Amino acid sequence: MNDQPIRIFISGACAGLAEARDALASHRDLELVGTASEPSKAGAKLASTGAQVVLHALQRPDTIPVEEIAKIREHTAAPIILLVTRSSATLLDEAVTLGLNDVMLLPQLTDNLVFTVKKAHSIGSISNSGAGRQRSGDSSKVITLFSPKGGVGKTVLATNMAAMYAKRLKKRTLLIDLDLQFGDAAIMVGADPRATILDLVMSNGDLDADKLSGFVTHHESGMHLLPAPLRPEDADLVTDDRLASVIAAAKQSYDVILLDTAPNFTSIVLTALDRTDELLVVASLEATSLKSVKICLQTLEMLHYPLEKCHIVLNRADTKVGLRRDQVEDALGKAIRFGVPSNKAIPVAINRGVPVIMTDPKADVTRAVRDLCVAFSPEVAADTERSGSVRLGRRERRRVAADAHRAAERDAQVAAPAATAAGELDLDLEFEFDEHAA
Ligand SMILES: Nc1ncnc2c1ncn2[C@@H]1O[C@H](COP(=O)(O)OP(=O)(O)O)[C@@H](O)[C@H]1O
Ligand SMILES: [Mg+2]
C-alpha cells in the first residue's frame, strides 16, 4: 500500500448526495476524481479516471438497477458502494447477489463514509491482487513497438495506438515508455506526468496492481501512462527484475499494455520481448531501416523468438521513394501486413501535444492506427498463444544482443551504398495494403 489518497468516483443521484460529496472531496485521505449524475455517462468518464472506489447513489432505493451497475462494471473492477436514502432487506440481498461492496444510508457522518470507502478499497485491493480479481491477466495483451533504428515512428504509433485503444475501443490501456534514456511519449501526448517508471520501481514495498495505480498518469484519451525517467542517467535504475514486476502488475489491471522501446537490443528490451504477446517491428521505406529490420529479424531468430508474434509495420508506407512493397518483402523474407501512411497531421499533432487520432479522427492515419489496434485487440488470440516462447539464459541473451549490436554497426557502414542501390532501381509502383490485415 502507498500513502496516496484513494481515488473515488461518485455516480448517480439521491437526496443528501451533494453534502456527502463535498465532505468526501475535502477529506485528505480521498481524492474525488470524477462524478457523473447520469449513470449512463459514468462509464466513459470512469475509464479515464482510474477510480479505486466507486460510490453510486440510487434515486429510488426499492430495487437495484442491474443495467446501471453492469455499465459501471464494464469500465472498472473497483469496489462499488451504494448510497441510498432508505434501505430494505431485499435491497441488501440484491447488493450481495450483485457483488457490491457496501450499502450506505445517507445522511451519514463523514468519518463513517470515509471508513466505508477505506474498507472497500482495502478489501478490493486484497481480492484484486489474488485469484478473485476480475482480470486474470490472461486476457490482457502486451504489445511492443520495436525497431533497431530511431526516428521510424515507434513512439508515434505507440502513443496513438494507446489513445485509440482507450478512447475509441474502450480498453483499459497502459502505455509504458521503455525508451528509458530519451523517452518522449509523455511530451508527444501532452501529458503532465505525476510520476515516472523510476518513481514506481524505487518505491518501497510490493510492486502490485494497487501500487501501480498510484503512479500512472491519466491522459485525456483515457489511457494511462508510465513515462520514462526524467534524466538519462537514471535509466539503469530500472532493472530487468523490476520491469518484469511492473509488467506483471499491469497485466492484472489493464486490457492492453503498450511498450514503447529504445532502438537497441538492451536487456530491458529483451525483458520486454519475453513478456510480449505481439511484437510490432516498425520499418520505414529506406534501405537503412530495412537493413536494420532484417538484422533485427535474424537476431530474434537467434534468440529463438517465436517469429509468428512478430509483425512488420511499414510506417509512411505510401511515400514514393523507389522501393516497392514486394521488394521489401523479398528483402526481409517476411510479409508486410500493416502499413501506416505518411501524414503532415502527425508532426502538427505532436507539436500540439495531442495524439493525431484525437486531432484528426477522420484522417487516413487514424484509420490505419484503428486497423492495427483492431487486429491486435485482446479478443483476437495472439499467434504465440499457440506457439509459446523460449526464454534464453541471461548470458546467452547478452551474447546474441552484443552480436546484433556489432552487426548493426557494420550495417551503418554499408547502409549508404545500399540506399543508393535502392534509389537506382527507380521503380514507381504504389504500395497497396491488405484492407483486413488480420
Ligand atoms: N506516418 C507519419 N507521417 C508523418 N510523420 C511521421 C509519421 N511517423 C512518424 N513521423 C515523424 O517522425 C518523427 C519520429 O517519429 P518517432 O515516433 O519519434 O520515432 P521513434 O520513436 O521510432 O524514434 C516524428 O516526430 C514524426 O514527426
Ligand atoms: Mg521513440
All conditions in (1) assigned to a loop (DSSP other than H, G, I, E, B); (2) within 16 Å of ligand 1 (Cβ to nearest atom); (3) crowded, with 23+ Cβ neighbours inside 10 Å are true of Leu225 except (1)
Tell me which residues, restricted to the range 153-176, are part of a loop (DSSP other than H, G, I, E, B) and away from ligand 1 (no atom under 12 Å from the Cβ).
Leu169, Lys170, Lys171, Arg172
Could we say that Pro263 is within 16 Å of ligand 2 (Cβ to nearest atom) and surrounded by fewer than 22 Cβ atoms within 10 Å (Cβ to Cβ) here?
yes
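One line per residue, one yes/no per condition, for (1) surrounded by fewer than 16 Cβ atoms within 10 Å (Cβ to Cβ); (2) assigned by TED's automatic domain parsing to the domain that holds Ala375; (3) modelled with pLDDT under 90; (4) within 16 Å of ligand 1 (Cβ to nearest atom):
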residue: Asp111; (1), (2), (3), (4): yes, no, no, no
residue: Lys118; (1), (2), (3), (4): yes, no, no, no
residue: Gly124; (1), (2), (3), (4): no, no, yes, no
residue: Arg135; (1), (2), (3), (4): no, no, yes, no
residue: Leu145; (1), (2), (3), (4): no, yes, no, yes
Matching entry among Val328, Val356 (being within 16 Å of ligand 2 (Cβ to nearest atom) and surrounded by 20 or more Cβ atoms within 10 Å (Cβ to Cβ)):
Val356
Would you mind telling me which numbered condition in (1) away from ligand 2 (no atom under 16 Å from the Cβ); (2) in contact with a strand residue (DSSP E or B) (Cβ under 6 Å, 6 or more places away or on another chain) Ala287 fails?
(2)
Being over 23 Å from Gly153 (Cα atoms), touching a Gly at 6+ places or on another chain (Cβ under 7 Å) and more than 16 Å from ligand 1 (Cβ to nearest atom) narrows it down to one residue among Ser203, Ser245, Ser213; which is it?
Ser213
Suppose we keep only residues that are modelled with pLDDT under 85 and under 18 Å from Val33 (Cβ atoms) within the range 75-100. Which one would you say is surrounded by the most Cβ atoms within 10 Å (Cβ to Cβ)?
Ala78
Among the numbered criteria (1) away from ligand 1 (no atom under 16 Å from the Cβ); (2) under 23 Å from Asn264 (Cβ atoms); (3) within 20 Å of the chain's Cα centre (by Cα), which single criterion is violated by Leu280?
(1)
Of the candidates Leu392, Leu372, the one satisfying the condition of being within 21 Å of Glu308 (Cα to Cα), surrounded by 16 or more Cβ atoms within 10 Å (Cβ to Cβ) and modelled with pLDDT of 75 or more is Leu372
Name the strands (runs of 3 or more DSSP E) wholly inside the range 233-324 in which the number of residues that are at negative phi and modelled with pLDDT under 95 is 2 or more.
278-284, 310-315
What pairs come up if the first residue lies in the range 83-105 and is farther than 16 Å from Ala20 by Cβ and in contact (Cβ under 8 Å) with a residue 24 or more places away in the chain, the second is in a strand (DSSP E or B) and of a type in the set (Gly, Ala, Ser), and their beta carbons are under 6 Å apart, counting only those six or more places apart or on different chains?
none
With the requirement that a residue be in contact with a helix residue (DSSP H, G or I) (Cβ under 6 Å, 6 or more places away or on another chain) and more than 15 Å from Leu113 (Cβ to Cβ), what does the range 13-41 give you?
Val33, Gly34, Ala36, Pro39
Within the range 177-195, considering residues that are assigned to a loop (DSSP other than H, G, I, E, B), touching a Pro at 6+ places or on another chain (Cβ under 7 Å) and not small (Gly, Ala, Ser), the one farthest from ligand 2 (Cβ to nearest atom):
Pro193
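The values are calculated or read from the model by the stated rules, or taken from the named source; none is laboratory data. Computed from a prediction, not measured in an experiment: that's the story for all the values here. So basically every Cβ, Gly included, is an ideal-geometry build from the backbone, and we count neighbours across all protein chains shown.
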